[in-house]
Amino acid sequence: MSLTRRCFTLGLPIVAAAPVFAAWPERNITIIHGLGPGGGVDVTARILAERFSQAFSVPVSVESKQGAASTTAAEFVSKATPDGRTIAIFPSTYAAAVALRRSLLFRPVDDFTIIGQISEFPYVITTYRNHPITDFRDVIVRARTTAQPLTYSTPGQGSAQHLLMASLAKSAGITIQHVPFRGGPQALTEVLAERIDLFIDAPVTLVDHIKAGTLRALAVTTRGRSAWFADVPTVAECGFSDFDVRGWMGLVTPAGLPEPILRSLQAELIKVLSEPDVVKRFKALGMDAREATADEFRSRIQGDIDRWAKVIADTGIERI
């Protein structure tokens, strides 16, 4: 075989593959998440969809596939074609949901190509405005001294909110009764109606009520104070020095995504997260735009899965 013929033959796979990547995404892209419409994850997905549509010159839609605390959506995405047209936004409660389940039809980390982290935020422990509890230390005192157990509501059994409160109760040696609901809105409504003592969630759900005075913020779950609630103490300040739980969101696609498409998505995500308007819109949702590499975000997902699995084992929460 001549040198010219040999070089041409060896070059065929590269030449044939190039148009696939050059044409991507060619058709529409879908961003999928597993929580309800109108919530922080949904709004974040729509902000990204708007920017990605402009950048890649194709329609980008957002689709909610609710069920099993984001694992239904994750399973769907894990089985999708890895062509860059199906993207998932994972919330931090995904790690808790994975840790809670005895079996899954997909691998929680290895069945995905990690694009990167999007945002970070604290969780906020609150009560209704007329409640005699004034801070998180008071929660501990009352839980130890009152005959009637305090109650707290969350968006669901096995949610990150549930597990972090269970972890706190275990550390403090107290009992607080968990009242799970199917989503944050109903859990919030019950506290506003003064039928449940405490509610914990992300700032996007709470900030308007805290500003209006219908909810009182008792503590934030990050080690440092939150810029949104600068006068609210941290759980660490209330006697739990090692406690630091941060919510997050990030983007993934099915495993096996071609490297050129992955690089395009990562580059665009970095650009989007640096846009002043996006930073401002994220701030309005009570979160920071927080870029992290794929490896860093992969470690974070796995680290939270491991953390919540330990909490479940230590507290005796029944897995499902």
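The values are calculated or read from the model by the stated rules, or taken from the named source; none is laboratory data. Here the structure is a predicted model, which means the values were calculated and not measured. So basically every Cβ, Gly included, is an ideal-geometry build from the backbone, and we count neighbours across all protein chains shown.
Anything in segment 267-286 that is buried (at least 17 other Cβ atoms within 10 Å of the Cβ) and touching a strand residue (DSSP E or B) at 6+ places or on another chain (Cβ under 7 Å)? List them, or say none.
269, 273, 278, 282, 286
Identify, please: which residue in segment 240-266 is out of contact with any strand residue (DSSP E or B) (no Cβ under 8 Å at 6 or more places or on another chain) and of a type in the set (Ser, Thr, Tyr) and is, among those, modelled with the lowest pLDDT?
This residue is 241.
Out of the residues in segment 220-246 that are outside any loop (DSSP other than H, G, I, E, B) and touching a Gly at 6+ places or on another chain (Cβ under 9 Å), which is surrounded by the most Cβ atoms within 10 Å (Cβ to Cβ)? Can you show your working first?
Pass one, segment 220-246, residues outside any loop (DSSP other than H, G, I, E, B): 220, 234, 236-238, 246.
Narrowing further to those that are touching a Gly at 6+ places or on another chain (Cβ under 9 Å): 234, 236.
Details: 234: 21, 236: 18.
Step by step, filter segment 220-246, then rank; the result is 234.
Checking the condition in contact with a Ser or Thr (Cβ under 8 Å, 6 or more places away or on another chain) and of a type in the set (Lys, Arg), which residue from 102, 137, 144, 107 passes? Quick ask: steps written out before the conclusion?
Values: 102 fails: in contact with a Ser or Thr (Cβ under 8 Å, 6 or more places away or on another chain); 137 fails: in contact with a Ser or Thr (Cβ under 8 Å, 6 or more places away or on another chain); 144 fails: in contact with a Ser or Thr (Cβ under 8 Å, 6 or more places away or on another chain).
Going through 102, 137, 144, 107 in turn, just one is in contact with a Ser or Thr (Cβ under 8 Å, 6 or more places away or on another chain) and of a type in the set (Lys, Arg): 107.
Examine segment 186-198 for a residue that is under 17 Å from residue 121 (Cβ atoms) and either of a type in the set (Phe, Trp, Tyr) or touching a residue at least 60 places away in the same chain (Cβ under 8 Å) (or both), and state whether such a residue exists.
As a first pass, look at segment 186-198 and keep what is under 17 Å from residue 121 (Cβ atoms): 188.
If we keep only those that are either of a type in the set (Phe, Trp, Tyr) or touching a residue at least 60 places away in the same chain (Cβ under 8 Å) (or both) too, we end up with none.
The answer is no, given that none of the residues of segment 186-198 is under 17 Å from residue 121 (Cβ atoms) and either of a type in the set (Phe, Trp, Tyr) or touching a residue at least 60 places away in the same chain (Cβ under 8 Å) (or both).
So the check is Cβ under 8 Å with 6+ separation or different chains; which pairs have a first residue in segment 306-320 that's farther than 17 Å from residue 173 by Cβ and a second one that's among the charged types (D, E, K, R) and surrounded by 12 or more Cβ atoms within 10 Å (Cβ to Cβ)?
312/319; 319/101; 320/101
Results for (1) modelled with pLDDT under 95; (2) under 22 Å from residue 65 (Cα atoms); (3) not assigned by TED's automatic domain parsing to the domain that holds residue 36, shown as yes or no for each residue.
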residue: 110; (1), (2), (3): no, yes, no
residue: 128; (1), (2), (3): no, no, yes
residue: 146; (1), (2), (3): yes, no, yes
residue: 150; (1), (2), (3): no, no, yes
residue: 158; (1), (2), (3): yes, yes, yes
residue: 177; (1), (2), (3): no, no, yes
residue: 180; (1), (2), (3): yes, yes, yes
residue: 185; (1), (2), (3): yes, yes, yes
residue: 197; (1), (2), (3): no, no, yes
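Could you look through segment 104-143, keep only residues that are aliphatic (A, V, I, L, M) and more than 21 Å from residue 298 (Cα to Cα), and pick out the one that is nearest to the chain's Cα centre (by Cα)? Write out each step before concluding.
Step one: of segment 104-143, the residues aliphatic (A, V, I, L, M) are 104-105, 109, 114-115, 118, 124-125, 133, 139-141, 143.
Remaining after also requiring more than 21 Å from residue 298 (Cα to Cα): 124-125, 133, 139-141, 143.
On the way: 124: 15, 125: 17, 133: 29, 139: 26, 140: 28, 141: 31, 143: 29 Å.
Checking each candidate, the answer is 124.
Kindly list, by first and then second residue, each pair from a residue in segment 57-74 that is closer than 16 Å to residue 265 by Cα to a residue that is in a loop (DSSP other than H, G, I, E, B), limited to pairs with Cβ atoms under 7 Å and residues at least 6 apart or on different chains.
58/25; 58/27; 58/28; 59/28; 60/28; 61/28
With respect to residue 251, determine if the residue is outside any loop (DSSP other than H, G, I, E, B) and over 23 Å from residue 165 (Cα atoms).
Numbers: outside any loop (DSSP other than H, G, I, E, B): yes; over 23 Å from residue 165 (Cα atoms): yes.
So residue 251 fits the description; yes.
Is it the case, given these coordinates, that residue 193 is farther than 24 Å from residue 42 by Cα, in contact with a Cys (Cβ under 8 Å, 6 or more places away or on another chain) and modelled with pLDDT of 95 or more? Talk me through it step by step, then tell me what you get.
Numbers: farther than 24 Å from residue 42 by Cα: yes; in contact with a Cys (Cβ under 8 Å, 6 or more places away or on another chain): no; modelled with pLDDT of 95 or more: yes.
Considered against the rule, which asks whether it is farther than 24 Å from residue 42 by Cα, in contact with a Cys (Cβ under 8 Å, 6 or more places away or on another chain) and modelled with pLDDT of 95 or more, residue 193 comes out as no.
Within segment 144-174, which residues are of a type in the set (Gly, Ala, Ser) and within 20 Å of the chain's Cα centre (by Cα)? Step through it out loud before you land on a result.
Keep residues of segment 144-174 that are of a type in the set (Gly, Ala, Ser), which gives 147, 153, 156, 158-160, 166-167, 169, 171-173.
Residues satisfying the conditions are 153, 156, 158, 159, 160, 166, 167.
Would you mind stating whether residue 289 is over 18 Å from residue 117 (Cβ atoms) and either assigned by TED's automatic domain parsing to the domain that holds residue 49 or loosely packed, with under 12 Cβ neighbours inside 10 Å (or both)?
Numbers: over 18 Å from residue 117 (Cβ atoms): no; either assigned by TED's automatic domain parsing to the domain that holds residue 49 or loosely packed, with under 12 Cβ neighbours inside 10 Å (or both): yes.
No: the conditions fail for residue 289.
Can you pull out the residues in segment 105-140 that are loosely packed, with under 15 Cβ neighbours inside 10 Å, out of contact with any Gly (no Cβ under 9 Å at 6 or more places or on another chain) and touching a residue at least 12 places away in the same chain (Cβ under 8 Å)? Break it down into steps so the answer makes sense when it comes.
Filtering segment 105-140 for residues loosely packed, with under 15 Cβ neighbours inside 10 Å gives 105, 107, 110, 129-130, 132, 134.
With out of contact with any Gly (no Cβ under 9 Å at 6 or more places or on another chain) added as a condition, the list becomes 105, 107, 110, 130, 132, 134.
Passing the criteria: 105, 107, 110, 130, 134.
Of the conditions (1) part of a helix (DSSP H, G or I); (2) on the phi > 0 side of the Ramachandran plot, residue 304 clears all except one; give me its number.
Unmet condition: (2).
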